[in-house]
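Derivation of every value follows stated rules applied to the coordinates shown; laboratory data play no part. All values derive from a computational prediction rather than experimental measurement. Quick reminder, even Gly has a Cβ in these numbers, built from the backbone with ideal geometry, and neighbours come from all protein chains shown.
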Amino acid sequence: MINIDPSGILVRYNVKAEKELSPEEVAKELYPEDVVIRPIVEAVFEGDEDDVINALEEAISAGRDPLSLIDDALMPGMGIVSGLYDHGILFLPDVIISAHAMTDGIEYCKQMSSSTHEFKGKVVSFVVEGDMHDIGKKIVTVLLRANGYEVIDLGSDVLVSEVISAVKKEKPLMLSGTALMTTTMYSFKEINNLLLENNIRIPFVCGGGAVKQDFVFGYELGVYCEDAADAPKIADEILKGAGVEELRGKFHRH
């Protein structure tokens with residue numbers, strides 16, 4: 001995904017002056033000049049699935065490769081949304097709406113192409129056994145997908161055995177688990193131990209209302225994720241070669 005940083009624009013327009021820029025005005029300055037790509041980026045930012053598909057249709061009709069539009073248009077559009085979210089200009093509902101529009105666009109591009117789109121990497125995500133509260137997991141899934149990752153979403157109330165089977169089958173770069181209730185989070189330790197028994201040493205990223213850093217620090221593969229927005233950042237670091245200790249050093253609160 002293109003790294004979108006609106007800081008320069010915010011400084012240039014002095015948003016702390018009498019009249020602050022709206023999110024739409026800031027985004028407008030970040031849109032690409034390409035007249036074919038721009039409507040797709042705008043539609044993703046607005047979160048309009050129909051406009052995304054229509055803009056993609058026009059781009060493909062103009063000779064653009066469907067899969068190239070994922071990286072050249074859909075991901076940059078989502079990059080603007082993510083950048084403004086990181087700077088507190090947009091909020092989580094905006095990210096979710098745009099992510100759905102982007103996902104629809106990706107599926108359309110894949111249908112229109114005979115080739116296969118390459119994701120940055122694969123992540124398995126789940127809510128622990130006995131816990132039906134999945135809002136945290138949904139947010140993590142949206143943000144990972146928005147940043148170019150393929151997410152195998154196992155859902156909520158997932159058996160330990162199902163988690164281990166999915167990891168063996170999918171071979172993800174990391175495992176993401178969520179727990180809201182203190183009575184359910186102890187499944188994390190069981191999963192950690194079973195991963196080690198199967199000689200699987202991928203980072204096991206854990207978060208949720210019930211989960212504390214000290215608890216996650218207590219098992220070998222655990223990486224604590226307090227903020228859902230850190231999940232794609234952790235995945236990016238893993239792609240760069242970071243292991244559990246490096247991730248803890250960077251993302252754990254000291």
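If you run the Gaussian network model on the chain, springs between alpha carbon atoms under 10 Å, then out of ASP230, ASP50, ASP214 the most flexible one is ASP214.
Computed from Cα positions, the angle between helix 49-61 and the longest principal axis of the chain comes to roughly 60 degrees. Loop-located GluC sites (Glu not before Pro) in the range 81-188 (DSSP state not H, G, I, E or B) with no more than 14 neighbouring Cβ atoms inside 10 Å: GLU118. Panel order for MET181, MET102, by other beta carbons found within 10 Å of each beta carbon, from fewest to most: MET181, MET102. With an 8 Å cut-off on Cα pairs and a minimum separation of 6 or more residues, tell me the relative contact order of the chain in percent. About 15 percent, as a whole number.
In the structure shown, do any of LYS120/LYS171; LYS137/LYS189; LYS137/LYS212; LYS189/LYS212; LYS138/LYS240; LYS168/LYS189 have a Cα-Cα gap over 20 Å, and if so which? Walk me through the intermediate numbers first.
Numbers: LYS120/LYS171 14 Å; LYS137/LYS189 18 Å; LYS137/LYS212 16 Å; LYS189/LYS212 13 Å; LYS138/LYS240 25 Å; LYS168/LYS189 18 Å.
The pairs that break the limit, which is 20 Å between Cα atoms, are LYS138/LYS240.
Angle, helix 75-86 long axis vs. longest principal axis of the chain, Cα atoms, 0 to 90°, nearest 10? Helix 75-86 sits at roughly 70 degrees to that axis. For the chain, the longest principal axis of the Cα atoms and the long axis of helix 160-170 meet at an angle of about 50 degrees. At an R0 of 51 angstrom, the distance between the Cβ atoms of GLU24 and LYS189 translates into a FRET efficiency of 0.65.
In percent, rounded to a whole number, the relative contact order of the range 122-251 is 26, using alpha-carbon pairs under 8 Å and six or more apart.
Look at VAL52, VAL158 and count the other Cβ atoms within 10 Å of each Cβ; fewest to most, that gives VAL158, VAL52. Segment GLU118..LYS171, full-extension length gain: 17.5 nm, with 0.36 nm per residue of separation and the alpha-carbon distance subtracted. How would you classify the range 122-251 from its alpha-carbon gyration tensor, with a ≥ b ≥ c the square roots of the eigenvalues: rounded for a/c under 1.5, else prolate if a/b is greater than b/c, otherwise oblate? Rounded is the answer for the range 122-251, as its axis ratio a/c remains below 1.5.
Equivalent ellipsoid of the range 207-254: semi-axes from √(5λ) of the C-alpha gyration tensor, largest first, are 17, 13, 8 Å.
Taking a ≥ b ≥ c as the square roots of the eigenvalues of the alpha-carbon gyration tensor, the range 170-242 is classed oblate because a/c is 1.5 or more while a/b is no larger than b/c.
Take ARG201, ARG248, ARG253 and order them by how many other Cβ atoms sit within 10 Å, fewest up front.
Working: ARG201 12, ARG248 18, ARG253 6.
In order of increasing Cβ crowding within 10 Å: ARG253, ARG201, ARG248.
Computed extension gain for ARG38 through ASP50, at 0.36 nm per residue and net of the alpha carbon distance, reaches 2.8 nm. Placing +1 on each Lys and Arg Cβ and -1 on each Asp and Glu Cβ, with no other charges, gives the range 122-251 a dipole about its Cα centre of roughly 300 debye.
Around LEU159, with a cut-off of 11 angstrom between Cβ atoms, what is the net charge of the other residues, counting Lys and Arg +1 and Asp and Glu -1? In short, -4. Entry for the range 36-173 at q = 0.09, 0.10, 0.17 Å⁻¹: log10 I(q)/I(0) = -0.30, -0.37, -0.92, Debye formula applied to identical alpha-carbon scatterers, no solvent contribution. Shape class for the chain: prolate, because the ratio a/c of the largest to smallest gyration tensor axis (alpha-carbon atoms, square roots of eigenvalues) is 1.5 or more and a/b beats b/c. Within the listed set GLU20, GLU226, GLU58, the residue fluctuating most in the Gaussian network model of the chain (springs between alpha-carbon atoms under 10 angstrom) is GLU20.
With contributions of -39500 (n - 2.57) from each DSSP H run of at least four residues, the per-residue ellipticity at 222 nm computed over the chain stands at -15000 deg cm²/dmol.
What range in the chain is the longest one free of chymotrypsin sites (Phe, Trp or Tyr not before Pro) that are in a loop by DSSP and have at most 16 other Cβ atoms within 10 angstrom? Walk me through the intermediate numbers first.
On the way: sites that count: TYR13, PHE91, PHE119, TYR186.
By the stated rule (loop sites, at most 16 other Cβ atoms within 10 Å), 14-90.
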